[in-house]
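Report on the following structure.
The values are calculated or read from the model by the stated rules, or taken from the named source; none is laboratory data. Please read all numbers here as calculations on a predicted model, not as lab measurements. Every residue, glycine among them, receives a Cβ derived from its backbone with ideal geometry; neighbour counts consider all protein chains shown. When the accessible area is computed, the model is the full protein with side chains, heavy atoms only, and any ligands, DNA or RNA have been set aside. Shrake-Rupley method; radii C 1.70, N 1.55, O 1.52, S 1.80 Å.
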Amino acid sequence: MGDENLNSRKKYEVKKYNVIIIGAGIAGLASANHFIKNGMDDFIILEARKRIGGRIISIPMKNHNVELGANYIHGVLGNPIYELATTNGLVNIINIPKPHKVIAATEDGKQVPFGVLHEIHEAYVCFLRRCEEYFLCQYLPPPDIHSVGEHINLEAAIYLERLPTSEEKKLRRLIFDCLLKRETCISGCNSMDDIDLLELGSYTELQGGNIVIPSGFSSILGPMTKNITPDKILSNHPVTKIKWDSEEHSNLRHFEEVGEESEDSDQTVIEDISKATSEKAGDSSEIIVNTPEKISKKLSHCVEVVCENGQSFYANHVICTIPLGVLKESATSLFEPALPQYKLESIERLLFGSVNKIFLEYERPFLNPDVTEIMLLWDNTQATEDISQMWYKKIYSFVKVTETLLLGWVSGKEAEYMETLSMKEVSSTCTKILRKFLNDPFVPEPQTCVCTSWKKQPYTRGSYTAIAVGASQSDIESLAQPLFRNVHDKKPVLLFAGEHTHSSFYSTVHGAYLSGQVAARRLLAPDVSSENVLDCPESSDLNSWIQGIQLDG
């Protein structure tokens, strides 16, 4: 009899919060930190993986820790990640970069004179900057040129035309091709022909270059989580349904058998729920109720988030930080009701490409200590359609991380194909490549080979966001737009965060961080009528007031 009463009580135990954050990547953690900093702890983070960090993850190899995801802090000035790292002693403010000596070699093992490499790199950077000007200056491109790849190839062809011999042209063309492959890894695409020419300049580059955290990028997760108590993060809780509009879909369908909705349920549709719950921010995040009437009154207009394990969580607001790759795959089934058509179209138009890393760890050094990178100048004139025979030609270089650790990058459909191969196959292929380009048959086999597989990962389905041909910055803005339950609500019920929602810092950790902060700030804002609000959406971003200021060199 006692057990029966206990089960009855459990049946009506409801996990109710002010805010549910979906995803414990950098955006979700930034939201949580902003709540805690402002005295609001009535939230829960639901994370699909068994770990936190999202696309920030390191693993140990034999003698090294390697970063499988985010690698660099992109820029210093106005970058909150750099500020977080310096505040917590993770990077030295006086950053002295190591000398960087790049060699470029052809398939027959011949090294390109450094002067030629420097010449083409300078020209390439100039072509890339010209591409950015179409967005920044609102220029019109040449007819029938729609992508960055088409524009750079046109400029390269004009540049090479002036050279007297075909040998000179061919060598320089190989360098241009290598630099374009590098750009696909920076942009996160298969080919630069995929990237919209008019939108390249929409990405804002922060000054200061790429900064490496000596202890590894993953060490940034320490300061991001130190103020979040472990009970606030539920790992291994993949979300399968977000029921966000209770006017169209009642969240109480599974309680129907125990009673009717309370008579004042229509009234709760129009009351400001967020205001009511903000007064209870200090209450326990979990409320236990024992009667159907109380359940009906408290939950009739909450968001319901259903997890793969069958658990339901309820809240007044949800911050969704699910990556664009997963949204592309499941947005139509994840949200109930469906997202507005404009959001679905933006999700479809934006690009979420695959970029993978190859780590090769050796027992002892074998490269010249002065060399830091080997650029691979592949000759693609004999290209075949069989990806199994040419996937490795997308690897544009090997960078020396330490004297005994090399890193190769590969993007696009070749990166996705590599995910089907064993580490042993990749290791063997890379050894053949190094022997060929270094013209050294004694290059050793690596002790260990580790490859990433971001496309295969069910909770990312790719690497980061890019603006494809036909898409625009406004698609990112559409994706970031929060959704309201009805016209009477002062605060949104469903908010979106993540690198794919920051219109000028997409594809970066600092973009994800700022987007999570903005979502939290929006929910914490005081309830004032719209005519008294000075809308300043970029106020969180130091870069917004830096832009336009000319810094003297």
Would you point out the residue of segment 138-177, among those that are open to solvent by less than 70 Å² (accessible area, probe 1.4 Å) and of a type in the set (Phe, Trp, Tyr), that is nearest to residue 468 (Cα to Cα)? 176
Return a yes/no flag: does segment 311-322 have any residue that is surrounded by fewer than 21 Cβ atoms within 10 Å (Cβ to Cβ), touching a strand residue (DSSP E or B) at 6+ places or on another chain (Cβ under 9 Å), closer than 22 Å to residue 191 by Cα and at pLDDT 95 or above. no
Hey, does segment 447-459 have a residue that's at positive phi and touching a helix residue (DSSP H, G or I) at 6+ places or on another chain (Cβ under 7 Å)? no
What do you reckon, is residue 350 modelled with pLDDT of 95 or more and open to solvent by 30 Å² or more (accessible area, probe 1.4 Å)? no
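Yes or no: residue 463 surrounded by fewer than 24 Cβ atoms within 10 Å (Cβ to Cβ), within 16 Å of the chain's Cα centre (by Cα) and modelled with pLDDT of 95 or more? Steps first, please.
Working: surrounded by fewer than 24 Cβ atoms within 10 Å (Cβ to Cβ): no; within 16 Å of the chain's Cα centre (by Cα): yes; modelled with pLDDT of 95 or more: yes.
Spelling it out, it is not the case that residue 463 is surrounded by fewer than 24 Cβ atoms within 10 Å (Cβ to Cβ), within 16 Å of the chain's Cα centre (by Cα) and modelled with pLDDT of 95 or more.
Residues that are hydrophobic (A, V, I, L, M, F, W, C) and either out of contact with any His (no Cβ under 9 Å at 6 or more places or on another chain) or more than 30 Å from residue 86 (Cα to Cα) (or both): does segment 229-236 have at least one? Steps first, answer last, please.
Taking segment 229-236 as the starting set, the residues that turn out to be hydrophobic (A, V, I, L, M, F, W, C) are 233-234.
Retained after the next criterion (residues that are either out of contact with any His (no Cβ under 9 Å at 6 or more places or on another chain) or more than 30 Å from residue 86 (Cα to Cα) (or both)): 233-234.
Yes, the conditions are met somewhere in segment 229-236.
Kindly state which strands (runs of 3 or more DSSP E) lie completely within segment 407-526 and contain at least 3 residues that are within 28 Å of residue 147 (Cβ to Cβ). Spell out the reasoning first.
Details: elements: 448-451, 464-466, 494-496.
So the answer is 464-466.
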Return the residue satisfying two criteria in turn: it lies in segment 138-173 and is of a type in the set (Ser, Thr, Tyr) and part of a loop (DSSP other than H, G, I, E, B), and of such residues it is farthest from the chain's Cα centre (by Cα). 165
Going through segment 378-396 one residue at a time, which ones are touching a Lys or Arg at 6+ places or on another chain (Cβ under 7 Å) and either assigned to a loop (DSSP other than H, G, I, E, B) or within 20 Å of residue 173 (Cβ to Cβ) (or both)? 378, 380, 394, 396
Residue within segment 59-69 that is open to solvent by 10 Å² or more (accessible area, probe 1.4 Å) and in contact with a His (Cβ under 9 Å, 6 or more places away or on another chain) present: no
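Given the condition touching a Ser or Thr at 6+ places or on another chain (Cβ under 7 Å), open to solvent by 30 Å² or more (accessible area, probe 1.4 Å) and over 30 Å from residue 177 (Cβ atoms), answer yes or no: does some residue in segment 329-337 qualify?
Step one: of segment 329-337, the residues touching a Ser or Thr at 6+ places or on another chain (Cβ under 7 Å) are none.
Scanning segment 329-337 turns up no residue that is touching a Ser or Thr at 6+ places or on another chain (Cβ under 7 Å), open to solvent by 30 Å² or more (accessible area, probe 1.4 Å) and over 30 Å from residue 177 (Cβ atoms).
Consider residue 94 carefully, then state whether it is part of a strand (DSSP E or B), over 24 Å from the mean Cα position of the chain (by Cα) and of a type in the set (Val, Ile, Thr).
Numbers: part of a strand (DSSP E or B): no; over 24 Å from the mean Cα position of the chain (by Cα): yes; of a type in the set (Val, Ile, Thr): yes.
Here the answer is no, as residue 94 does not meet what is asked.
Within segment 70-83, can you find the residues that are in contact (Cβ under 8 Å) with a residue 60 or more places away in the chain and open to solvent by 30 Å² or more (accessible area, probe 1.4 Å)?
At the first step, the residues of segment 70-83 found to be in contact (Cβ under 8 Å) with a residue 60 or more places away in the chain are 70-82.
The answer is 71, 72, 74, 76, 77.
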Sort out which residues of segment 417-443 are open to solvent by less than 50 Å² (accessible area, probe 1.4 Å) and among the β-branched types (Val, Ile, Thr), and write them in order of number. 426, 429, 431, 433, 443
Out of all the residues in segment 117-137, is one or more open to solvent by 50 Å² or more (accessible area, probe 1.4 Å) and assigned to a loop (DSSP other than H, G, I, E, B)? no
Identity of the residue in segment 395-416, touching a residue at least 60 places away in the same chain (Cβ under 8 Å) and open to solvent by 20 Å² or more (accessible area, probe 1.4 Å), that ends up farthest from the chain's Cα centre (by Cα): 404
